[in-house]
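Working notes, beginning with the structure itself.
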């Protein structure tokens with residue numbers, strides 16, 4: 001039985017790479033192995049709905065031993081002057097909340113003590129009275145190895161608290177106890193991957209930006225793998241030039257001026273007569289409605305043929321810390337008539353490190369021209385900066401790109417493909433070679449987009 005309806009309305013989502021670094025520093029900053037230790041996350045609050053709030057870390061700090069008045073296995077006290085400095089530095093701007101994490105001795109699942117209750121209640125009241133924006137206090141307690149935990153968020157007056165769901169994985173999905181039902185027999189030949197894998201796919205909400213030649217193939221394949229919840233975004237309508245690479249699209253659909261999102265919605269609904277949820281939004285990714293859908297989704301997939309929409313998708317991915325997969329193809333013909341064909345699948349690391357912009361996966365000059373007014377775009381085209389003909393495309397190359405994207409998602413959900421450092425794969429034809437970019441070379445510490453002033457860490 002799926003108990004998602006009983007999940008806490010507040011969640012804390014920490015990227016795997018950030019959590020690994022934070023946890024490592026926490027474990028290092030203790031004199032004895034079972035000493036209690038403390039750390040702070042300063043988080044952006046995202047209101048995802050009336051009763052759903054997600055907290056995403058922007059900065060973190062772990063005090064060193066000289067910041068404590070007392071540190072032992074039975075408790076700890078942090079120096080008041082350091083604590084005040086910390087809060088003034090990170091909370092004075094007024095848009096961050098505090099996550100206070102500490103450990104208890106032992107390896108069993110920890111519980112908040114009566115001392116924790118009293119201290120944190122007073123702490124919540126202090127934050128509310130000291131700072132104009134009244135930041136919220138989230139507290140977390142871990143066992144001494146930082147493996148097992150409980151989290152809660154305090155009311156501003158410190159009179160009580162609510163549970164918080166903590167996630168340090170790519171997908172912020174609840175643990176499922178679902179058992180495959182009889183009407184899920186279509187997945188019988190996927191049982192080898194486990195019921196948990198299939199259940200997680202069923203929980204996943206995917207926002208697909210671009211429902212054309214690549215996006216439509218991708219949606220059908222991922223739908224047949226088990227994803228039933230979709231948000232489809234594309235302002236375009238079907239044209240006859242699409243029929244060579246969009247399965248099931250017909251001349252009648254073109255004549256009736258179907259939106260591409262409605263066409264892809266029909267593909268998914270043909271897979272699932274019941275149990276699917278598909279939102280078709282025939283607009284561009286810049287629309288505010290799309291932003292709210294992306295914030296609430298579990299995964300963004302961008303399969304458009306322009307740079308500007310990919311830039312927007314990447315910026316929203318960073319803002320809301322949502323995993324992003326970028327799919328694209330390129331065909332060129334040499335002067336001797338020999339074609340060169342490529343497809344590229346890129347997964348930037350969750351939470352920053354490198355992105356589509358600093359990794360040069362998209363061209364910011366092209367993105368700026370694509371976002372310009374029509375008059376400026378026409379001037380750029382006359383000057384030779386933009387081509388007036390859509391890029392060449394063939395179905396089989398789109399299919400390789402889409403299938404690879406689906407395979408990567410299966411690896412991410414199934415846990416057998418580590419993409420914490422990001423991923424950038426390029427397929428080349430007719431050589432039939434896959435090139436895997438060394439993502440160490442893509443890391444850009446001073447990137448304007450993915451390494452902002454708030455995405456920092458500190459050991460004090």
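Where a number appears in this text, it was derived from the coordinates with a stated rule and is not lab data. It should be emphasised that the depicted structure is a prediction, and the values quoted were computed from it without experimental measurement. When we count neighbours, we look across all protein chains shown, and the Cβ atoms used for this are built from the backbone with ideal geometry, even at glycine.
Below, the figures for the structure above:
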{"read-out": "Estimated distance in nm for a label pair at residue 287 and residue 437, the labels positioned 7 Å out from Cα along Cα-to-Cβ", "value": "3.0"}
{"read-out": "C-alpha long axis of helix 80-91 to longest principal axis of the chain, angle in °", "value": "20"}
{"read-out": "Zero-based 10 Å bins, Cα pair distances in segment 1-148, whole percents", "value": "10, 38, 38, 12, 1, 0"}
{"read-out": "Sites residue 417 and residue 155, calculated FRET efficiency, Cβ-Cβ separation with R0 51 Å, nearest 0.05", "value": "0.80"}
{"read-out": "Helix axis angle, 260-271 relative to the chain longest principal axis, alpha carbon, degrees", "value": "80"}
{"read-out": "Spacing of the two label points (7 Å from each Cα toward its C-beta) at residue 114 and residue 188, in nm", "value": "5.9"}
{"read-out": "Efficiency of FRET from Cβ geometry, residue 448 and residue 236, R₀ 25 Å, rounded to 0.05", "value": "0.25"}
{"read-out": "Two-site FRET efficiency, residue 371 against residue 126, from Cβ-Cβ distance with R₀ of 51 Å, rounded to 0.05", "value": "0.65"}
{"read-out": "Cα-projected label distance for residue 306 with residue 73, points at 7 Å along beta-carbon direction, nm", "value": "6.4"}
{"read-out": "Helix 213-225 axis, angle to the chain major axis (alpha carbon atoms, nearest 10°)", "value": "60"}
{"read-out": "Value at 222 nm in deg cm²/dmol, rounded to 500, when DSSP H runs of n ≥ 4 in the chain each add -39,500 (n - 2.57)", "value": "-9500 deg cm²/dmol"}
{"read-out": "Shape box of segment 182-451 [Cα atoms, principal axes, largest first, Å]", "value": "61, 49, 43"}
{"read-out": "q = 0.06, 0.09, 0.13, 0.14 Å⁻¹, the chain: log10 I(q)/I(0) [Debye, one scatterer per Cα]", "value": "-0.31, -0.67, -1.22, -1.36"}
